[in-house]
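The values are calculated or read from the model by the stated rules, or taken from the named source; none is laboratory data. If you're wondering where the values come from, they're calculated on a predicted model, not measured in any experiment. Cβ placement follows ideal geometry from the backbone for every residue including glycine, while neighbour counts extend to all protein chains displayed. Only protein heavy atoms, including side chains, enter the accessible area calculation; ligands, DNA and RNA are left aside. Shrake-Rupley method; radii C 1.70, N 1.55, O 1.52, S 1.80 Å.
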Amino acid sequence: MEGKIVKALSGFYYVKTATGNVYECRAKGAFKNENITPLVGDNCVFQVTDAKEKVGVVNEIKERKNSLIRPAVANVDQAMVVFAVRTPNPNLSILDRFLALMKKQNIPTIIVFNKRDLAKGDDIKDLKKAYKDSGCKVFFVTAGGDKTDGIMKLKLQLRGKVTVMAGPSGVGKSTLINVISGKKDTEEGQVATVGAISSKVGRGKQTTRHNELFDLGSSYHIIDTPGFTSLLVNEDDYTKETLQDAFPEFAPYRDKCPFKDCKHIKERDCAVRDAVEQGKISVSRYNSYKAIFGEIKTKY
Ligand code: ZN
């Protein structure tokens with residue numbers, strides 16, 4: 001039989017068939033020798049070993065359109081990174097690291113700022129400005145709120161695609177999944193477990209601990225991934241020379257730097273740093289660049 005791996009947990013792969021049945025499968029032993037790890041999102045061929053218990057063995061992984069290392073998923077069309085406008089405040093340094101990793105893996109990424117209703121002052125204006133030239137589409141939504149405009153736009157972006165979703169815990173990812181599926185948190189048969197926000201710690205009580213693909217109706221396919229608190233971009237992802245490729249907003253200025261191999265850190269008359277000073281490049285984006293740059297080791 002054929003199906004799609006929708007969940008991988010403790011050595012078991014949960015394979016969903018076109019008719020909606022889910023089989024709990026082991027991977028065939030030979031995969032190890034072939035250096036193949038089945039991933040959530042994989043299309044596979046499996047053999048049913050017990051039809052009544054819906055148990056089987058995955059025998060073959062179909063050719064992948066793509067596969068990501070972090071998070072480990074296959075066959076995705078785009079990534080969606082979710083942060084809250086407030087509570088908790090967005091950690092733009094982590095956001096920028098995520099964008100850099102997706103860019104490295106050639107995955108188009110959209111940024112979703114949830115809890116739009118909690119925005120104060122220039123919150124939204126500032127975030128819009130910081131990411132307008134990042135190469136990512138930005139959405140502001142209130143999942144579970146009355147304002148549905150942002151959600152509708154977001155649903156259009158997600159429709160018909162397989163989207164891998166990431167973000168720290170407590171930003172409302174589960175609520176977002178439920179809203180996109182048209183189900184309320186309180187409804188029975190909800191697609192995701194929603195962790196209630198504890199106001200004291202500002203994060204969700206329950207967190208996702210594994211990658212899982214949710215089919216929300218026929219048009220929305222979202223792979224939820226464990227919430228992260230930090231992300232490391234290292235020399236396997238970028239060198240000190242290539243890191244600037246992760247920041248598309250540098251592109252109009254890079255060639256104007258007097259030094260051909262300018263890293264835009266402390267070189268004289270650097271056009272990128274000039275653009276930051278003139279407000280043409282976001283200060284927070286540039287600071288993320290500098291921070292990651294400092295963490296990347298030089299390869300010998
Ligand atoms: Zn420069």
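Taking the stretch 247-292 as the region of interest, how many residues are within 11 Å of the ligand (Cβ to nearest atom), surrounded by fewer than 18 Cβ atoms within 10 Å (Cβ to Cβ) and part of a loop (DSSP other than H, G, I, E, B)?
12
Which of the residues spanning the stretch 93-120 are of a type outside the set (S, T, N, Q), open to solvent by 40 Å² or more (accessible area, probe 1.4 Å) and farther than 30 Å from Asn43 by Cβ?
Result: Arg116, Asp117, Leu118, Lys120.
What number of residues within the stretch 40-60 are charged (D, E, K, R), part of a loop (DSSP other than H, G, I, E, B) and open to solvent by 60 Å² or more (accessible area, probe 1.4 Å)?
Start the filter on the stretch 40-60 by keeping residues that are charged (D, E, K, R), which leaves 42, 50, 52-54, 60.
Subsequent filtering for residues that are part of a loop (DSSP other than H, G, I, E, B) retains 42, 52-54.
Add one more test, that the residue is open to solvent by 60 Å² or more (accessible area, probe 1.4 Å), and what stays is 52-54.
Number satisfying all stated conditions: 3.
Condition first: touching a strand residue (DSSP E or B) at 6+ places or on another chain (Cβ under 8 Å) and either free of Cβ contacts under 8 Å to residues at least 40 places away in the same chain or not aliphatic (A, V, I, L, M) (or both). Now tell me which residues in the stretch 97-118 satisfy that.
Phe98, Met102, Lys103, Gln105, Pro108, Thr109, Ile111, Phe113, Asn114, Lys115, Arg116, Leu118
For residues in the stretch 123-160 being modelled with pLDDT under 95 and of a type in the set (D, E, K, R), which is most open to solvent (accessible area, probe 1.4 Å)?
Going through the qualifying residues, I end up with Asp146.
What number of residues within the stretch 206-235 satisfy the criterion of being modelled with pLDDT of 75 or more and either acidic (Asp, Glu) or part of a loop (DSSP other than H, G, I, E, B) (or both)? Before you say what the answer is, go through the steps one by one.
Just the residues of the stretch 206-235 that are modelled with pLDDT of 75 or more, to begin with: 210-215, 219-235.
After this cut, where a residue has to be either acidic (Asp, Glu) or part of a loop (DSSP other than H, G, I, E, B) (or both) as well, the list is 210-212, 215, 219, 224-235.
Going through the stretch 206-235 one residue at a time, the tally reaches 17.
Could you figure out which of (1) open to solvent by 40 Å² or more (accessible area, probe 1.4 Å); (2) assigned to a strand (DSSP E or B) isn't true of Thr37?
Answer for Thr37: the failing condition is (2).
When you go through Asp236, Asp245, Asp274 one by one, which is the residue that is in contact with a helix residue (DSSP H, G or I) (Cβ under 8 Å, 6 or more places away or on another chain) and free of Cβ contacts under 8 Å to residues at least 60 places away in the same chain? Write out each step before concluding.
Details: Asp236 fails: in contact with a helix residue (DSSP H, G or I) (Cβ under 8 Å, 6 or more places away or on another chain); Asp245 fails: free of Cβ contacts under 8 Å to residues at least 60 places away in the same chain.
Unique residue meeting the criteria: Asp274.
Can you report the number of residues in the stretch 2-24 which are over 11 Å from Val48 (Cβ atoms) and either buried (at least 16 other Cβ atoms within 10 Å of the Cβ) or among the charged types (D, E, K, R) (or both)? Even if it seems obvious, please write down each step before you answer.
Step one: filter the stretch 2-24 for residues over 11 Å from Val48 (Cβ atoms), giving 2, 4-14, 16, 18-20, 22.
Checking the rest, the ones that are also either buried (at least 16 other Cβ atoms within 10 Å of the Cβ) or among the charged types (D, E, K, R) (or both) come to 2, 4-8, 13-14, 16.
Selection size over the stretch 2-24: 9.
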